[in-house]
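Submitted below is the structure of interest, expressed as structure tokens.
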Amino acid sequence: MKKKLVVLTGAGISAESGIKTFRDSDGLWEGHDVMEVATPEGWRKNQELVLDFYNKRRQQLKEVEPNLGHKILAELEQDFDVHIITQNVDDLHERAGSTKVLHLHGELLKVRSVKNRNLILDWTEDLYTGDFDENGDQLRPHIVWFGEDVPALEEAIEITETADYFAVIGTSLQVYPAAGLISYTYSITPVFYIDPKPIAIPNIQNKVEVIAKIASEGVAELRERLNTNFTNIH
């Protein structure tokens, strides 16, 4: 039986592929106030703006590639049962070869019905007003906006609870409920925290190994440390 490695990833790992994160620029995401493009209120206020914003993000995604961090996580599946829980809406983990990826905040390359949140479609091109589902209801980006429930959270908790190792990569641990997942690990589960500017993790009983590096460099070090542990166990 392979040991289970559960990895929580955030914007830091995708940033190295050229995908910008709003948290790096005073609440602006690609020049937009996040409240305008990532909330139900923004959608009701200006649907065209929101659709255009995500159309541009979808096009941008086609122009970037997975980086070394994504690729090493995929390679780790050779030795570990790797489950990735990501806050990112891109498909870079999948394109790098990871086979078990759970998206907490939705996916850019999917859309869903405004009336039925379970009616989800793959969507790689632009989305416009007038693009309807089979019932004649408008389609919207399959993104979990601020103020909305996180449907995948329960599954993420269940995965986290079974971790033999837990790694946090490229996330500020400021966005909840994702940041709270770490509290669902067993206290004996080793935690690896990869971030160039790590913060103190409050109320944690686990042994935490901090790797203060950018994601790709940190994941390379994570592989070395895991392989050392793996060898010692065997």
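The values are calculated or read from the model by the stated rules, or taken from the named source; none is laboratory data. Owing to the predicted nature of the structure, the values given are computational and were not obtained by experimental measurement. Neighbour counts run over all protein chains shown; Cβ positions are idealised from the backbone, glycine included.
Which pairs turn up if I take residues in the stretch 76-87 that are assigned to a helix (DSSP H, G or I) and look for partners that are at pLDDT below 95 and not small (Gly, Ala, Ser) with beta carbon separation below 9 Å, at least 6 apart in sequence or on another chain?
From the stretch 76-87, the pairs are 76/226; 77/2.
Another question, then. Hey, any hits in the stretch 117-139 for a residue that's in contact with a Gly (Cβ under 9 Å, 6 or more places away or on another chain) and aliphatic (A, V, I, L, M)?
no
Counting just the residues of the stretch 58-86 that are within 14 Å of the chain's Cα centre (by Cα) and β-branched (Val, Ile, Thr), which one comes out surrounded by the fewest Cβ atoms within 10 Å (Cβ to Cβ)? Spell out how you get there, then give the answer.
Taking the stretch 58-86 and keeping what is within 14 Å of the chain's Cα centre (by Cα), we get 66, 69-70, 73, 83-86.
Checking the rest, the ones that are also β-branched (Val, Ile, Thr) come to 84-86.
Values: 84: 28, 85: 23, 86: 29.
Looking at residues that are within 14 Å of the chain's Cα centre (by Cα) and β-branched (Val, Ile, Thr), I get 85.
Also, quick follow-up: Filter the stretch 195-221 down to the residues that are without any contact (Cβ under 8 Å) to a residue 60 or more places away in the chain and among the aliphatic types (A, V, I, L, M), then identify the one that is surrounded by the most Cβ atoms within 10 Å (Cβ to Cβ).
Filtering first and then ranking leaves 211.
In the stretch 74-87, how many are at pLDDT 95 or above, of a type in the set (S, T, N, Q) and under 22 Å from residue 161 (Cβ atoms)?
1
Take the residues in the stretch 25-42 that are in contact with a Leu (Cβ under 9 Å, 6 or more places away or on another chain) and under 18 Å from residue 148 (Cα atoms), then tell me which one is modelled with the highest pLDDT.
42
Could you please find all residues in the stretch 122-163 being surrounded by 15 or more Cβ atoms within 10 Å (Cβ to Cβ), outside any loop (DSSP other than H, G, I, E, B) and more than 17 Å from the chain's Cα centre (by Cα)?
138, 139, 140, listed by residue number.
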